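Data block below; observations after.
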Amino acid sequence: MSTSANSAPPSSFTHAMAREAMADHNSQVPTPASDDAFAEVKAKVDLVKVVQEHVRLTKRNKDFWGLCPFHQEDSPSFKVNPQMQSWYCFGCERSGDVFTFVELIEKTDKRGALQMLAERAGVELRKLSPEQKERSDSRKRLLAMLKLAAQFYEYVLWSTPAGEPGRRLLATRQVNEENARRFQLGYAPAGRGFAEYLRAKKRSLADAQEGGLLRRDGTDFFAERLVIPIRDERGQPLAFTARTVRADEQRKYINSPETPAYVKGRVIFGLDLARDEIARRGHAVLMEGQFDVITAHGAGIQNAVASSGTALTDDQVRLLKRFTDELLLVFDADRAGRQAAQKAVLLAAAHQMRTRVATVTGAKDPDEFLRAAGADAATQWEELAAKAPTGFEFGMEEAAAGLNLSNANHVELAARKLREWIAQFPPALQEDYRERAKRWMGVSGHLLAAEPDEKRSPGRPGAYKVGKNGLETSPAGKKMTVGRYLLQLLAVRPVAFDLVRTKITPDELDEEDRGIYERMLETYERGGVSGLEKELAGYPAEEQDLIRRAWAAPPPSVDDEVAVELAERITLDHMRGRHSGIIRELSEAERGKDSERVARLEAEARELAHAIADMERRG
Ligand SMILES: [Zn+2]
């Protein structure tokens, strides 16, 4: 350990830093965007290999299949065609070539994708336009500078007496050196330490100023602060947030400005450290503050990340979605934290991500909670996580908070809040959520129906003729029958088979609906609610079409009540059909003077007519 407060880092350290900085500086990739460059790169990379770095592919016949990285699914609908070097997802219907794949998966643009793939293929791209070159060079210099700064601050923190205030702050926060080094925490001393260091190394102060590291007068922007690097998912520092060590400082935290290297709301703090554990556990723990995450990692919760300085953004959710489909949200216990959690639930749902919400009790934030738990942190954390409700349930509890559900007025109020909560989710989830809210509150469905006119009153003649997706016409222009409606409903809500199969037998269905009904029923009995997704690929094309269309555009009302009504309608139609058949047979028997047959048919017709009248009365 060095003992001189003002000494620069020892020379072996500076050499290493200089080497790294130089390497960064020299590795720039020029980027022309001519069609030639795209064609040349495309010819040299294999789409299958590129995709395989992100998706586990299985070969089936000539194609490769995997779980789509761009939407959430349990069975593969993402297909790569190696001959055409093209990919297509049957689920989200995204498609493209190797460039669009890299664009989407790396969250870059076309030029960025070209650069990455050119590098990989060893293709020398031709010269940039002067402006492009300038922009690319200045970003590279900036990144190198930020890396250097992080190393300098970390050195000061641990290896100089000047770092003492930072070390003290970490001690009060119970962050040990091992954990602090993981996050590359550092300390910016008072004065012009970093500028002097750069001058000694003959590095540009202008770059440091552009990166928001120095003030105009050359003093450290982060002076007398513990410095926390905000790194991207690969570990490259893009910016800093810094906490003061002084009790008299008003601004506890200050942050780097936005630069060509850093756009607020696009980075997830801790993702570089958490990504492996996220993959292992299948979910990410999303917190609000950097210290929440640092403490969490110290306590062994190494899949913790933070939205870092902003409310969760669309870009951040997309970034997280590259690594997981499930978030455990652990926000601050106050009202603002709970509201932020609700917003995050909705944002995640819009990206087909599942959420759960854990609430820390007896502490203002996860950092405090975990520190208070001390050696017990891991156990207490497991308990907290185990009882975390889903994001949707959390919102229901919030809607009903403070209300007394045995009071009719309160029930009405809670129902209105729940309706508003449900309406903010993607339409595909709403019906199921309404159903769950109904059971959860123990109220009748009409209180939660989205629109009064969206739900038909049961049994009214012509009641199914609702809306453009209703009974009158199918998207193919064919007449929509009760049978078709039921099939669509069962495609969207297979669990309704439990009721429907006790009400009707396949032979009560029209001939054209019978085959697909039986196939779907078998699938359900074999595979449960997720069976259809798994087995659909084996269905005849026409039937796949009907089911996929129902998934894409569900019928107007999807619930058990409607399923039962449809089944009863089918039984009724079937009985009416049989009745007219018997009447026809009867006149034939009368013409043939077959009195025994006449009597039997008359009895049958009478019985059926009774049953029909019964059903009609009940309907
Ligand atoms: Zn997809």
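The values are calculated or read from the model by the stated rules, or taken from the named source; none is laboratory data. All values reported here derive from a predicted model rather than from experimental measurement. Methodologically, a virtual Cβ is constructed for each residue, glycine included, from the backbone with ideal geometry; neighbour enumeration extends over all protein chains shown. Accessible surface areas use protein heavy atoms only, side chains included; no ligands, DNA or RNA. Shrake-Rupley method; radii C 1.70, N 1.55, O 1.52, S 1.80 Å.
In table form, for the structure just shown:
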item	result
Residue check, Phe183 in contact with a Gly (Cβ under 9 Å, 6 or more places away or on another chain), modelled with pLDDT of 90 or more and farther than 30 Å from Ala299 by Cα	no
Any hit, the range 320-338, residues being open to solvent by 20 Å² or more (accessible area, probe 1.4 Å), over 21 Å from Gly235 (Cα atoms) and of a type in the set (Lys, Arg)	yes
Members of the range 354-379 found to be open to solvent by 10 Å² or more (accessible area, probe 1.4 Å) and closer than 16 Å to Phe425 by Cβ, listed by number	Arg354, Thr355, Arg356
Residues located in the range 539-566, provided they are under 30 Å from Arg618 (Cβ atoms) and in contact with a Phe, Trp or Tyr (Cβ under 8 Å, 6 or more places away or on another chain)	Pro555, Leu566
Counted residues, the range 339-356 - those being of a type in the set (D, E, K, R) and over 11 Å from Gly395 (Cβ atoms)	2
Residue that is nearest to Arg139 (Cα to Cα), among those in the range 239-254 that are of a type outside the set (Val, Ile, Thr) and surrounded by 19 or more Cβ atoms within 10 Å (Cβ to Cβ)	Ala239
The range 77-88 residues that are within 10 Å of Val48 (Cβ to Cβ) and within 14 Å of the ligand (Cβ to nearest atom), paired with ones that are in a loop (DSSP other than H, G, I, E, B) and at pLDDT below 90 (beta carbon under 7 Å, 6 or more apart)	Val80/Leu57
Qualifying position, being away from the ligand (no atom under 16 Å from the Cβ), of a type in the set (Val, Ile, Thr), surrounded by 15 or more Cβ atoms within 10 Å (Cβ to Cβ) and closer than 30 Å to Asp325 by Cα, among Val98, Val123	Val98
Index of the failed condition, Ala43 passing every other in (1) at pLDDT below 90; (2) more than 14 Å from the ligand (Cβ to nearest atom); (3) open to solvent by less than 30 Å² (accessible area, probe 1.4 Å)	(3)
Verdict on Val48 being more than 16 Å from the ligand (Cβ to nearest atom), in a helix (DSSP H, G or I), open to solvent by less than 40 Å² (accessible area, probe 1.4 Å) and of a type in the set (Val, Ile, Thr)	yes
Residue check for Arg243: within 24 Å of Leu146 (Cβ to Cβ) and assigned to a loop (DSSP other than H, G, I, E, B)	no
Test: residue in the range 112-131 that is within 24 Å of Glu233 (Cβ to Cβ) and in contact with a Phe, Trp or Tyr (Cβ under 6 Å, 6 or more places away or on another chain)	yes
Any helices (runs of 4 or more DSSP H) falling wholly within the range 277-355 and containing at least 3 residues that are modelled with pLDDT of 85 or more and within 11 Å of the chain's Cα centre (by Cα)	314-321, 335-350
In the range 357-405, residue nearest to Ile301 (Cα to Cα) [restricted to those that are among the β-branched types (Val, Ile, Thr) and not in a loop (DSSP other than H, G, I, E, B)]	Thr379
Residues (touching a helix residue (DSSP H, G or I) at 6+ places or on another chain (Cβ under 8 Å) and exposed (fewer than 15 other Cβ atoms within 10 Å of the Cβ)) located in the range 406-419	Glu412
Test result for Phe64, within 13 Å of the ligand (Cβ to nearest atom) and buried (at least 19 other Cβ atoms within 10 Å of the Cβ)	no
Residues satisfying the stated conditions in the range 255-277, i.e. open to solvent by less than 80 Å² (accessible area, probe 1.4 Å) and acidic (Asp, Glu)	Asp272, Glu277
Residue satisfying condition, being at pLDDT 85 or above, over 30 Å from the mean Cα position of the chain (by Cα) and under 30 Å from Gln72 (Cα atoms), within set Val562, Val598	Val562
Flag if Pro452 is loosely packed, with under 12 Cβ neighbours inside 10 Å, within 30 Å of Arg419 (Cα to Cα) and modelled with pLDDT under 60	yes
Flag for Glu588 being among the acidic types (Asp, Glu), modelled with pLDDT of 85 or more and part of a helix (DSSP H, G or I)	no
Test: residue in the range 106-117 that is away from the ligand (no atom under 16 Å from the Cβ), open to solvent by 40 Å² or more (accessible area, probe 1.4 Å), modelled with pLDDT under 80 and more than 30 Å from Gln316 (Cα to Cα)	no
Set Arg338, Arg416: member being more than 20 Å from Ala284 (Cα to Cα) and of a type in the set (Lys, Arg)	Arg416
Residues within the range 137-164 that are more than 18 Å from Val175 (Cα to Cα) and open to solvent by 20 Å² or more (accessible area, probe 1.4 Å), tallied	9
